[in-house]
Amino acid sequence: ETGVTQSPTHLIKTRGQQVTLRCSSQSGHNTVSWYQQALGQGPQFIFQYYREEENGRGNFPPRFSGLQFPNYSSELNVNALELDDSALYLCASSFTFRDRQFFGPGTRLTVL
Amino acid sequence: QQQVKQSPQSLIVQKGGISIINCAYENTAFDYFPWYQQFPGKGPALLIAIRPDVSEKKEGRFTISFNKSAKQFSLHIMDSQPGDSATYFCAANMNYGGSQGNLIFGKGTKLSVKP
């Protein structure tokens, strides 16, 4: 086990709704990265937070946003859900952005 | 330039055989090349990683071979076991600039090891 937890495990939403996914990093890890993994694909980088500031962003629209809190927890928020947002959402924590990333088990989001 | 191309998409190997998965990249700024193993219902777990200053790294039954001039790297699993059946992802990133820590993954290889 990596010590990285995510909630909820599964989630079903309808198109146009908003969703918040949560991640709890390993204690002491100042960096959290979020990835989207579509079925049968590799994870795609959404964004990264380092010490509560966004530290890089992939090719995702602004309706994907995040927060990182001082207690090593973080959130991924997605507004105006689209069918193509259906995927496994993974968070990964690391001590700094230069270190090995430890992945959580993911949240499976289904948009109907 | 930001892609990592992985092959094959799926692989079936007999128990005790060698599994070989290949990846290729374009961006010469990449300086960290990890391999991840993912079981169904789990997040990816780091298996082994290499930096471009070495041509080979071995950890137990897992070996990464790295060819900097060809911009290719591969994972070899020796004495493959049924418990190795999983999806394997190669990845790459660069530890400078705005892309620090941003892992770019291949599309994955589903490995099945037959008893």
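A few points about this structure:
- Pick from the stretch B:71-101, criterion polar (S, T, N, Q) and either part of a loop (DSSP other than H, G, I, E, B) or touching a His at 6+ places or on another chain (Cβ under 8 Å) (or both), ranking: modelled with the lowest pLDDT: B:100
- Positions within the stretch A:92-112 being hydrophobic (A, V, I, L, M, F, W, C), within 11 Å of another protein chain (Cβ to nearest Cβ) and in contact with a Leu (Cβ under 6 Å, 6 or more places away or on another chain), in sequence order: A:103
- Residue check for residue B:40: of a type outside the set (A, V, I, L, M, F, W, C), modelled with pLDDT under 95, over 14 Å from residue B:105 (Cβ atoms) and touching a Lys or Arg at 6+ places or on another chain (Cβ under 6 Å): no
- Qualifying residue in the stretch B:61-73 (condition: out of contact with any Ser or Thr (no Cβ under 9 Å at 6 or more places or on another chain), surrounded by 13 or more Cβ atoms within 10 Å (Cβ to Cβ) and within 29 Å of residue A:57 (Cα to Cα)): no
- Restricting the stretch B:1-37 to residues that are outside any strand (DSSP E or B) and touching a helix residue (DSSP H, G or I) at 6+ places or on another chain (Cβ under 9 Å) leaves a set whose member that is modelled with the lowest pLDDT is B:2.
- Selection of first residues in the stretch A:100-112 that are in a loop (DSSP other than H, G, I, E, B) and of second residues that are crowded, with 21+ Cβ neighbours inside 10 Å and β-branched (Val, Ile, Thr), restricted to Cβ pairs under 6 Å at least 6 apart or on distinct chains, gives the following pairs, ordered by first then second residue: A:104/A:4.
- Residue in the stretch A:1-24 that is farthest from the other protein chains (Cβ to nearest Cβ), counting only those that are among the hydroxyl-bearing types (Ser, Thr, Tyr) and under 15 Å from residue B:45 (Cα atoms): A:5
- If you filter the stretch A:32-75 down to residues that are in a strand (DSSP E or B), within 14 Å of chain B (Cβ to nearest Cβ) and of a type in the set (A, V, I, L, M), you find that the one that is surrounded by the fewest Cβ atoms within 10 Å (Cβ to Cβ) is A:46.
- Residue pairs whose Cβ atoms lie under 6 Å apart, sitting 6 or more positions apart in sequence or on different chains, and linking a residue in the stretch A:1-21 that is within 14 Å of residue A:87 (Cβ to Cβ) to a partner that is charged (D, E, K, R), are A:10/A:108; A:19/A:13.
- Evaluation of residue A:50 against (1) touching a residue at least 40 places away in the same chain (Cβ under 8 Å); (2) closer than 24 Å to residue B:2 by Cα; (3) within 10 Å of the chain's Cα centre (by Cα) (one fails), failing number: (3)
The values are calculated or read from the model by the stated rules, or taken from the named source; none is laboratory data. Remember, it's a predicted structure, so these values are computed and weren't measured experimentally. Please note: Cβ atoms are built from the backbone with ideal geometry, for glycine as well, and neighbour counts cover all protein chains shown.
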